[in-house]
Amino acid sequence: MSHDHDHDHDDHHHEQDPLALRVEALEQLLVERGLVDPQRVDALIQHYEEDLGPLNGATVVAKAWTDPAYRARLLADGTAAIAELGFGGAQGEMMVVVENTDDVHNVVVCTLCSCYPWPVLGLPPSWYKSPEYRARAVSEPREVLREFGTELDESVDVRVWDSSAEIRYLVLPAQPAGTEHLGMEELAALVTRDSMIGVRQPLSSEPEKAGSAA
Amino acid sequence: MQDTPGQEPDRRTSTSFPPHDLGGRPGFGPVPVDDDAIFTNRAEARVFGLTQMAQSASGFNTDGFRHGIEREDPDRYLALGYWGRWLSNAERMLTEGGVLPAAAVDAALAGEPVRGTVERSTECRPATARGARRTAPADAVFTLGERVRVHTTMGLEPRFEHCRIPGYVRGRIGTVEAIHDSWILPDDHAHGRGDGTQGSWVYNVSFPAAELFAAGGDHTLRIDLFEPYLTSESAA
């Protein structure tokens, strides 16, 4: 997920954007009242953009793929097993990990707002927050998955997890065939954010596919 | 209230559900699968950071924050977009939290001075380090494998409250698959109630899609529901 590090210098591009004008006006009101320090806002944004992200979740998945005992702990108590790797905090206080197999495919959505496991995946992508995904993931998940290019056999049982309380879900994708020889780091590179939400499969190990859904 | 499909009004096509309750609503097109970024411009990132600070300065817990977004003008809910709803909620929380007068940002944008004070008008309380997780006063009422019925009208009347029942399972029967832990009922927490030691058990309940949606489906829904949202299948 790239973003523009030169944002401090391109504010003039947003002069006509009502959201930009409005948030700037609000920030000014709060700064004038001593309630907000702009540098703390910068730091908060930077934390969520750079310290959290799907690499955390990918590390968890790669560990589960290579360590059967860890995988068992992860499925039994997701919060504790994820904390073993140093991940936890807001919007990850109780984690449940659901496993994709040959027979079961899991997909995660939040129809009422946009709940998402921040400590392992960072902040959600725009499509996850879209009304289209929130409305249709529960009623026609196979069609939604097809829009992501994911075709499932009719025999596969699709489970849709609607994050309606404080539990946050992470999908443990099935390990791609032929990747058993790879190390943790190489495996983690195959584990895309979308595969941990359940809308795509992880990347196969062919290099030309790398990065297509990260 | 009848549970038989077809005998009650289909809430998915009705205007009587809250605007945020989108699950299963018809009429939406393809998912914008290529809209991949967390922020599409720097203004959205600013909204994210500033709204978190506004929530803190206004003294709203997470349930109160979510309820604020749910109270968006239904005609504007979708049009504002995700970050537009956050910014609108930041302004709402700041006014209800007694920090900024109503329409302060409109005044500022019009070049008018923003003066005066405002009384705190929300009952919501600041978030605590513990969040909403609390010990339940009693054992879980329902057991694994038990068939449970979801409340039909809770949180909808007399006005939309902060109720975490997705509309598409209201009145439906599901099976208890897991008993998670206990949290303050969001319906209470958003209004500053239940901050003692009272938690409500949260269950994961499964529902076959074929029983929920007019178009059916061969998939299964897995939804986390608080104990007060449920009754035993056999209860009247």
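The values are calculated or read from the model by the stated rules, or taken from the named source; none is laboratory data. Please read all numbers here as calculations on a predicted model, not as lab measurements. Because the Cβ atoms are built from the backbone with ideal geometry, glycine has one as well, and the counts that use them run over all protein chains shown.
What do you reckon, is B:Leu100 surrounded by 15 or more Cβ atoms within 10 Å (Cβ to Cβ), at pLDDT 95 or above and out of contact with any Pro (no Cβ under 8 Å at 6 or more places or on another chain)? Criteria met by B:Leu100.
Looking across A:Val199, A:Val144, A:Val171, A:Val138, one residue alone is closer than 25 Å to A:Gly86 by Cβ and surrounded by 19 or more Cβ atoms within 10 Å (Cβ to Cβ). It is A:Val171.
The numbered conditions (1) facing chain B (nearest Cβ under 7 Å); (2) touching a residue at least 24 places away in the same chain (Cβ under 8 Å) are all true for A:Val120 except (1).
Going by the conditions given, is A:Asn106 assigned by TED's automatic domain parsing to the domain that holds A:Gln201, crowded, with 20+ Cβ neighbours inside 10 Å, touching a residue at least 60 places away in the same chain (Cβ under 8 Å) and within 24 Å of B:Asp21 (Cβ to Cβ)? Yes; evaluated as a whole, the condition is true for this residue.
Taken as a whole, the range B:80-94 holds no residue that is aromatic (Phe, Trp, Tyr) and either assigned by TED's automatic domain parsing to the domain that holds B:Leu156 or over 19 Å from A:Gly122 (Cβ atoms) (or both).
Filtering the range B:17-32 to residues that are surrounded by fewer than 20 Cβ atoms within 10 Å (Cβ to Cβ) and either under 30 Å from A:Gly34 (Cβ atoms) or at the interface with chain A (Cβ under 7 Å from one of its Cβ atoms) (or both) leaves B:Phe28, B:Gly29, B:Pro30, B:Pro32. Does the range A:65-79 contain at least one residue that is touching a residue at least 12 places away in the same chain (Cβ under 8 Å), in contact with a helix residue (DSSP H, G or I) (Cβ under 9 Å, 6 or more places away or on another chain), more than 17 Å from A:Gly198 (Cα to Cα) and of a type in the set (Lys, Arg)? Yes, because at least one residue in the range A:65-79 is touching a residue at least 12 places away in the same chain (Cβ under 8 Å), in contact with a helix residue (DSSP H, G or I) (Cβ under 9 Å, 6 or more places away or on another chain), more than 17 Å from A:Gly198 (Cα to Cα) and of a type in the set (Lys, Arg). Highlighted here are the helices (runs of 4 or more DSSP H) found entirely within the range B:48-162 that include at least 1 residues which are more than 20 Å from A:Cys110 (Cα to Cα) and more than 10 Å from chain A (Cβ to nearest Cβ): B:77-96. Of all the numbered requirements in (1) within 18 Å of A:Glu166 (Cβ to Cβ); (2) β-branched (Val, Ile, Thr); (3) more than 10 Å from chain A (Cβ to nearest Cβ); (4) part of a strand (DSSP E or B), B:Ile223 misses one, and that requirement is (3). All conditions but one from (1) under 30 Å from B:Glu72 (Cα atoms); (2) within 12 Å of chain B (Cβ to nearest Cβ) apply to A:Arg146; the one that does not is (1). Among the residues of the range B:136-146, just one is charged (D, E, K, R) and over 12 Å from B:Tyr203 (Cβ atoms), namely B:Asp139.
Every residue, every condition in (1) in contact (Cβ under 8 Å) with a residue 60 or more places away in the chain; (2) within 30 Å of B:Tyr203 (Cα to Cα), yes or no:
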{"position": "A:Ala137", "(1), (2)": "no, yes"}
{"position": "A:Leu170", "(1), (2)": "yes, yes"}
{"position": "A:Glu185", "(1), (2)": "yes, no"}
{"position": "A:Ile197", "(1), (2)": "yes, yes"}
{"position": "A:Ser204", "(1), (2)": "no, no"}
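Pairs are defined by a Cβ separation below 7 Å, a sequence spacing of at least 6 or placement on different chains, a first member in the range A:23-48 that is more than 8 Å from chain B (Cβ to nearest Cβ) and under 29 Å from A:Gly88 (Cβ atoms), and a second member that is among the acidic types (Asp, Glu) and assigned to a helix (DSSP H, G or I); the pairs so defined are A:Pro38/A:Glu27. Of the residues examined, B:Arg193 is one that is basic (Lys, Arg), in the same structural domain as B:Ala140 (by TED's automatic domain parsing) and more than 22 Å from B:Leu22 (Cα to Cα). Within the range B:163-190, the set of residues being among the small types (Gly, Ala, Ser) and assigned to a loop (DSSP other than H, G, I, E, B) comprises B:Gly171, B:Ala190.
Filtering B:Ile165, B:Ile173, B:Ile184 for residues that are of a type in the set (A, V, I, L, M), facing chain A (nearest Cβ under 8 Å) and either touching a residue at least 60 places away in the same chain (Cβ under 8 Å) or touching a helix residue (DSSP H, G or I) at 6+ places or on another chain (Cβ under 9 Å) (or both) leaves a single hit, B:Ile165.
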